[in-house]
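The values are calculated or read from the model by the stated rules, or taken from the named source; none is laboratory data. For clarity, every value in this text was computed on a predicted model and none was experimentally measured. Here Cβ is always computed from backbone atoms with ideal geometry, including for glycine, and neighbour counts include all displayed protein chains.
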């Protein structure tokens, strides 16, 4: 098979293995967050930060949930990195945002955060703070789920079908899952543009 064919076969295998019960649970948490007047904070690094920015738009516009991504403000992000250090950038941002128990943290991450490996320590610090406050936590991660998978109320794990393609598959399927969520009957409140054009 060609590389393209192999990559797409891997993607099909991932689709077959996704745990839809966890996705439905996430939809319920998102609906409760909106109903309780909570906010949604999307946390991601690298490609997942770009996904978080796109997802903020969808959750605000399609799902009617007040949503934010700390990485959307590069001035604040780099100031906090420079002045306080990378590991605390999300936690300190959430403290300034006055994170509350009715809010929800939504992690998009290939590995989910791992202090032993010093990977995404900022996610770990943010999630520890979220647990301390009592906020709900959901996530879409790859590999073994990392710290996110350990502490989340619901975390969709993107299966590893080929270790060489963990990152591209994890980041691609973040988009599949969040688009599923904003389309979910429990979550969606506004019709999308092209679907409204007959």
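Pick from 21, 53: which is in a helix (DSSP H, G or I), surrounded by fewer than 18 Cβ atoms within 10 Å (Cβ to Cβ) and in contact with a helix residue (DSSP H, G or I) (Cβ under 6 Å, 6 or more places away or on another chain)? Walk me through it before giving the result.
Values: 21 fails: in contact with a helix residue (DSSP H, G or I) (Cβ under 6 Å, 6 or more places away or on another chain).
Going through 21, 53 in turn, just one is in a helix (DSSP H, G or I), surrounded by fewer than 18 Cβ atoms within 10 Å (Cβ to Cβ) and in contact with a helix residue (DSSP H, G or I) (Cβ under 6 Å, 6 or more places away or on another chain): 53.
Could you tell me which of the residues 11, 4, 27 is in contact with a helix residue (DSSP H, G or I) (Cβ under 9 Å, 6 or more places away or on another chain) and closer than 23 Å to residue 160 by Cα? It would help to see each step written out before you state the result.
Working: 4 fails: in contact with a helix residue (DSSP H, G or I) (Cβ under 9 Å, 6 or more places away or on another chain); 27 fails: closer than 23 Å to residue 160 by Cα.
Result: 11 is the single residue among 11, 4, 27 that is in contact with a helix residue (DSSP H, G or I) (Cβ under 9 Å, 6 or more places away or on another chain) and closer than 23 Å to residue 160 by Cα.
For (1) in contact with a strand residue (DSSP E or B) (Cβ under 8 Å, 6 or more places away or on another chain); (2) touching a residue at least 60 places away in the same chain (Cβ under 8 Å), each residue gets a yes or a no:
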position	(1), (2)
38	yes, yes
59	yes, yes
64	no, yes
68	yes, no
72	no, no
77	no, no
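May I ask you to list the residues in segment 169-198 that are farther than 19 Å from residue 59 by Cβ, over 13 Å from the mean Cα position of the chain (by Cα) and in contact (Cβ under 8 Å) with a residue 12 or more places away in the chain?
Selection gives 169 alone.
Considering every residue within segment 124-140, establish whether at least one is in contact with a helix residue (DSSP H, G or I) (Cβ under 6 Å, 6 or more places away or on another chain) and part of a loop (DSSP other than H, G, I, E, B).
no
Kindly indicate whether any position in segment 102-117 is farther than 19 Å from residue 16 by Cα, more than 11 Å from the chain's Cα centre (by Cα) and in a strand (DSSP E or B).
Yes.
Conditions first: (1) more than 19 Å from residue 187 (Cα to Cα); (2) assigned to a loop (DSSP other than H, G, I, E, B). Residue 38 passes all but one, so which condition is the exception?
Condition (1) is where residue 38 drops out.
Given the structure, is residue 107 touching a residue at least 12 places away in the same chain (Cβ under 8 Å) and within 22 Å of residue 169 (Cα to Cα)? Reasoning before the result, please.
Numbers: touching a residue at least 12 places away in the same chain (Cβ under 8 Å): yes; within 22 Å of residue 169 (Cα to Cα): yes.
It is true that residue 107 is touching a residue at least 12 places away in the same chain (Cβ under 8 Å) and within 22 Å of residue 169 (Cα to Cα).
How many residues does segment 147-198 hold that are assigned to a helix (DSSP H, G or I), farther than 15 Å from residue 54 by Cα and either in contact with a strand residue (DSSP E or B) (Cβ under 9 Å, 6 or more places away or on another chain) or at pLDDT below 95 (or both)? Steps first, answer last, please.
First, the residues of segment 147-198 that are assigned to a helix (DSSP H, G or I): 147-151, 163-183, 193-196.
Narrowing further to those that are farther than 15 Å from residue 54 by Cα: 147-151, 163-170, 193-196.
Those still in the list that are either in contact with a strand residue (DSSP E or B) (Cβ under 9 Å, 6 or more places away or on another chain) or at pLDDT below 95 (or both) too: 147-149, 151, 170, 193-196.
Summing the residues that are assigned to a helix (DSSP H, G or I), farther than 15 Å from residue 54 by Cα and either in contact with a strand residue (DSSP E or B) (Cβ under 9 Å, 6 or more places away or on another chain) or at pLDDT below 95 (or both) in segment 147-198 gives 9.
Suppose we filter 43, 94, 99 for residues that are surrounded by 21 or more Cβ atoms within 10 Å (Cβ to Cβ) and touching a strand residue (DSSP E or B) at 6+ places or on another chain (Cβ under 6 Å); which single one remains? Step through it out loud before you land on a result.
Numbers: 94 fails: touching a strand residue (DSSP E or B) at 6+ places or on another chain (Cβ under 6 Å); 99 fails: touching a strand residue (DSSP E or B) at 6+ places or on another chain (Cβ under 6 Å).
So the residue among 43, 94, 99 that is surrounded by 21 or more Cβ atoms within 10 Å (Cβ to Cβ) and touching a strand residue (DSSP E or B) at 6+ places or on another chain (Cβ under 6 Å) is 43.
Please work out which one of (1) without any contact (Cβ under 8 Å) to a residue 60 or more places away in the chain; (2) exposed (fewer than 14 other Cβ atoms within 10 Å of the Cβ) is the condition residue 86 fails and give its number.
(2)
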